[in-house]
Amino acid sequence: MSRTDASGTEAGSPAAVAPVGDDLTVTGYRRGDGRLGVRNHLLVLPARGSASLAAARIAEMVPGAVAVAHDGKGVAEPEEERISRTLLGFATNPNVGAVLVVGVSAGDAWLADALRSAGQRAAFVALAEHRGTLGAIAASTPLAEGLAKELAGEGRSAGELADVVLGLECGGSDALSGITANPGLGVASDLLLSCGGTSILAETPELIGAEEALARRAISPEVAARVRGVILGFESAIRGLGVDVRGAQPSPGNQAGGLTTIEEKALGSAKKGGRAPVTGVVDFAELVGTPGLYVMDTPGHDIEQMVGMVAGGAQVVAFTTGRGTPTGSPIAPCLKISTSTDLYERLAGDIDLDAGGVLTGAESLDELGARILATIAEVCRGRLTASERQGNREFALSRTRYA
Amino acid sequence: MSLRGFVRPDGTTGARNVVLVLPSVVCSSHVAEQIAGHEAVAIGHPHGCGQVGADAAHAAEVFAGVAAHPNVAGVLVVGLGCETVQGADLAAEIGARGQRVELLTVQGSGGSRTTVECGREVVTMLLAKAAAHRRSDVADAELVVGLDDPAAPFAHALRRLTAGIGGRLVEPEEGSGTLTHAELAARGAQVLVSWCPAGEAPRGFAVCPVVAVAADDDELAAMPDDFDLSGGASPDVVAGEVLDLVRSVFCGEQSASERRGAREFELRRLTRSM
């Protein structure tokens, strides 16, 4: 018996076929575990919040290095497992060629040790071994320069779309999100999957209302149950805080953009995942497995979500927006797709692709999807995205419990 | 002996004369940092959206409190446009508290690049106005000291000594744990005192100097550049040293946090992100 999703189209294998003519080759840096990096960053990673300043300063002085800043508390975290999974997943993303961990004392070296155990190149410096922040910056800058130079000397080798894990994201949605950019990205995702690649659909609160449509596409009853469990679980967790999600969303900007209810937003949001079967459900920042479409349990918070998907293995993120946002990831190229030509023109420097042609009839959704996929391949070969050019390197840790 | 500080129109006194570039949301943080450059202070933070209920209200309240702080001479709020903590609402609240405030949004200004260009002009104007402010003599009673951990061994003695000169010590309620530097500042503290447990490094704060007290002499010896003094001596001695240094720092001497350029901003969250 064939099943249908909410839009009435048949679930199952992606209908779209990869277009011929577009250059869909991918190149990158093959890692020891077989994954392909499409960037080769030196990541300067603070082991805890108080080392963030030193990490930022080191990265500023070393071309090719990127730092993240966070408010982690080391092993004293109440959600230590979730936080270390995030940091380890992020720092072992194949886009990272090497890591310099900056800690306060020798006790923070566990993070560098864990990275090495996971097969990552990692060095460690502690503030307390160099009289503090300024001493640690001075002492470790030559070390970071050496690592960065090594990475810069490494060449790209051939990869394929099957190597690609694509993070699907939308932020600052408007009434056109579910009509142009999101379904266009859904076509691109289906095409990627048909080439053996992987996509991650996330932002759980923005899937509330779309749980049945997604569960019906699950490859097994177990996956369907997890889809429902994760989405309804998030809703009840939020309701436990005394907040009615279905009333608190959409955000002020979504409403100004013409969205009326969270269900309307969710059904539009879920279109980023195309029509493919749902292969699996993963926890926040959990590494995705065999190729396919995954649902990751993340907040809708744009940056926490992006960090979760990148920690889960995404080398590239496609981010649709109706209101416009400049954000990006420190280590993964983030491709911005506007829902309208008006936005693309108003925020030209922040947006990479315009999905507005779908509205005027200048482009079909299939054509848009093919163009998005070709651009993703180009980005994977090294083309810089708007957020990379502008140095947008947002990062945030995601916690579920607060005192 | 009196202090020297910046007397604000509402009668409060600042220990610093900072021009603040405040993003109302993580999405405009990078733009805010580019606008601030080296002369103004930007608070980069991962908040302002995906927050609900009391958590969103708390974030907006702390942002407004820090921006309206007497150490701040003027503020540029940089919103994105679609965020939960709306830049326009935040700027209105900061203005209502008597602070000089300007507003830009990335979506309303044509994107990142043009927002940075417009923002630089605004900051240049705010810096010029701030430069006209001068320190003057103020009474000891104007001093508000923030202590981030009431479990610090010298807390009681510092409370007593500060009260003795007519000043005020702001600290978390007994048993409620620590308060972030942002919350202490939002309650009016001009100079913060940070007590660091062993193995942890001290942090600075966006708009206030932080006087960092190491747990003991060994901790101080390990990171002498990041700490201001050791908390290893008797509580009365430590409290006396801390208050002396706080007074000097209030009047313009740089604390260790300022010497290394530490301008952190940590917001306490009440509930998970949406």
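The values are calculated or read from the model by the stated rules, or taken from the named source; none is laboratory data. As the structure is a prediction and not an experimental result, all values here were calculated from the model. We place every Cβ from the backbone using ideal geometry, glycine too, and count neighbours over all the protein chains shown.
Within segment A:312-329, restricting attention to residues that are more than 14 Å from every other protein chain (Cβ to nearest Cβ) and part of a loop (DSSP other than H, G, I, E, B), the residue that is surrounded by the most Cβ atoms within 10 Å (Cβ to Cβ) is A:ALA314.
Considering only residues in segment A:330-353 that are within 12 Å of chain B (Cβ to nearest Cβ) and in a loop (DSSP other than H, G, I, E, B), the one that is farthest from A:VAL96 (Cα to Cα) turns out to be A:LEU347.
Take the residues of segment A:108-130 that are touching a helix residue (DSSP H, G or I) at 6+ places or on another chain (Cβ under 8 Å) and surrounded by fewer than 19 Cβ atoms within 10 Å (Cβ to Cβ): which is farthest from A:GLU80 (Cα to Cα)? So, considering only residues that are touching a helix residue (DSSP H, G or I) at 6+ places or on another chain (Cβ under 8 Å) and surrounded by fewer than 19 Cβ atoms within 10 Å (Cβ to Cβ), the one farthest from A:GLU80 (Cα to Cα) is A:GLU129. Just one residue in the set B:PRO172, B:PRO224, B:PRO197, B:PRO209 is closer than 24 Å to A:ILE137 by Cα and modelled with pLDDT under 95; that residue is B:PRO197.
Residues of segment A:59-88 that are part of a helix (DSSP H, G or I), within 13 Å of another protein chain (Cβ to nearest Cβ) and farther than 21 Å from A:ALA332 by Cβ: A:GLY74, A:VAL75, A:ALA76. Counting only strands (runs of 3 or more DSSP E) wholly contained in segment B:93-150, the ones carrying 1 or more residues that are aliphatic (A, V, I, L, M) and in contact with a helix residue (DSSP H, G or I) (Cβ under 8 Å, 6 or more places away or on another chain) occupy B:101-105, B:144-147.
Within segment A:292-311, not a single residue is more than 9 Å from chain B (Cβ to nearest Cβ), more than 13 Å from the chain's Cα centre (by Cα), within 27 Å of A:ILE351 (Cβ to Cβ) and in a loop (DSSP other than H, G, I, E, B).
Any residue at all in segment A:132-142 that is more than 12 Å from every other protein chain (Cβ to nearest Cβ) and closer than 30 Å to A:GLY268 by Cβ?
no
Of the residues B:ARG187, B:ARG260, the single one that is under 25 Å from B:GLY44 (Cα atoms), within 14 Å of chain A (Cβ to nearest Cβ) and not hydrophobic (A, V, I, L, M, F, W, C) is B:ARG260. Tell me yes or no: at least one residue of segment B:200-207 is under 20 Å from the mean Cα position of the chain (by Cα), of a type in the set (Val, Ile, Thr), buried (at least 19 other Cβ atoms within 10 Å of the Cβ) and within 11 Å of another protein chain (Cβ to nearest Cβ). Checking segment B:200-207: not a single residue is under 20 Å from the mean Cα position of the chain (by Cα), of a type in the set (Val, Ile, Thr), buried (at least 19 other Cβ atoms within 10 Å of the Cβ) and within 11 Å of another protein chain (Cβ to nearest Cβ). Here the condition is being crowded, with 24+ Cβ neighbours inside 10 Å, modelled with pLDDT of 95 or more, more than 14 Å from chain B (Cβ to nearest Cβ) and in contact with a strand residue (DSSP E or B) (Cβ under 9 Å, 6 or more places away or on another chain); of A:LEU185, A:LEU151, it holds for A:LEU185 alone.
If the condition is being without any contact (Cβ under 8 Å) to a residue 60 or more places away in the chain, on the phi < 0 side of the Ramachandran plot and within 10 Å of chain B (Cβ to nearest Cβ), then segment A:102-131 contributes A:GLY103, A:VAL104, A:SER105, A:ALA106, A:GLY107, A:ALA126, A:ALA128, A:GLU129, A:HIS130.
Condition check ((1) assigned by TED's automatic domain parsing to the domain that holds A:LEU207; (2) in contact with a strand residue (DSSP E or B) (Cβ under 6 Å, 6 or more places away or on another chain); (3) closer than 28 Å to A:ILE208 by Cα) across all residues:
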site	(1), (2), (3)
A:ILE303	yes, no, yes
A:VAL310	yes, no, yes
A:CYS334	yes, yes, yes
A:LEU368	yes, no, yes
A:ARG371	yes, no, no
A:CYS380	yes, yes, no
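Are any residues in segment B:80-122 surrounded by 21 or more Cβ atoms within 10 Å (Cβ to Cβ), more than 24 Å from A:SER251 (Cα to Cα) and small (Gly, Ala, Ser), and if so, which ones? Matches in segment B:80-122: B:GLY119 only. Do we find a residue being within 14 Å of another protein chain (Cβ to nearest Cβ) and surrounded by 24 or more Cβ atoms within 10 Å (Cβ to Cβ) anywhere in segment A:367-388? There is at least one residue in segment A:367-388 that is within 14 Å of another protein chain (Cβ to nearest Cβ) and surrounded by 24 or more Cβ atoms within 10 Å (Cβ to Cβ). The residues in segment A:89-107 that are out of contact with any Pro (no Cβ under 9 Å at 6 or more places or on another chain) and in a helix (DSSP H, G or I) can be counted, and the count is 4.
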